[in-house]
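To keep things clear, I will list the structure first and then write my remarks on it.
Every read-out reported here was derived from the displayed coordinates using simple, explicitly stated rules and does not represent laboratory data. All values derive from a computational prediction rather than experimental measurement. Positions of Cβ are generated from backbone atoms using ideal geometry, with glycine treated the same way; all protein chains shown enter the neighbour counts.
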Amino acid sequence: MSTAKKKPPITSRPKEKEQVNKKAIIWIGVALGLIIVVMAVLLSLDI
């Protein structure tokens, strides 16, 4: 019985890691997008 109870958390942990990876990818994309926007604004103001 104890082995059957230990297996489901193992299968749920990779799902949590996948969610964290998706959040990390989203944050990286947002950060890069903000950098691009800031650089574009600075360049347009300089011109």
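Structure data summary
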{"item": "Net length gained if the chain between Ile28 and Ser44 were fully extended (0.36 nm per residue, minus Cα distance)", "result": "3.3 nm"}
{"item": "Inter-site label distance for Ile36 and Asn21 at 7 Å from Cα along Cβ, in nm", "result": "2.3"}
{"item": "Net +/- balance of residues flanking Gly29 in space, Cβ distance below 15 Å, scoring K and R +1, D and E -1", "result": "+2"}
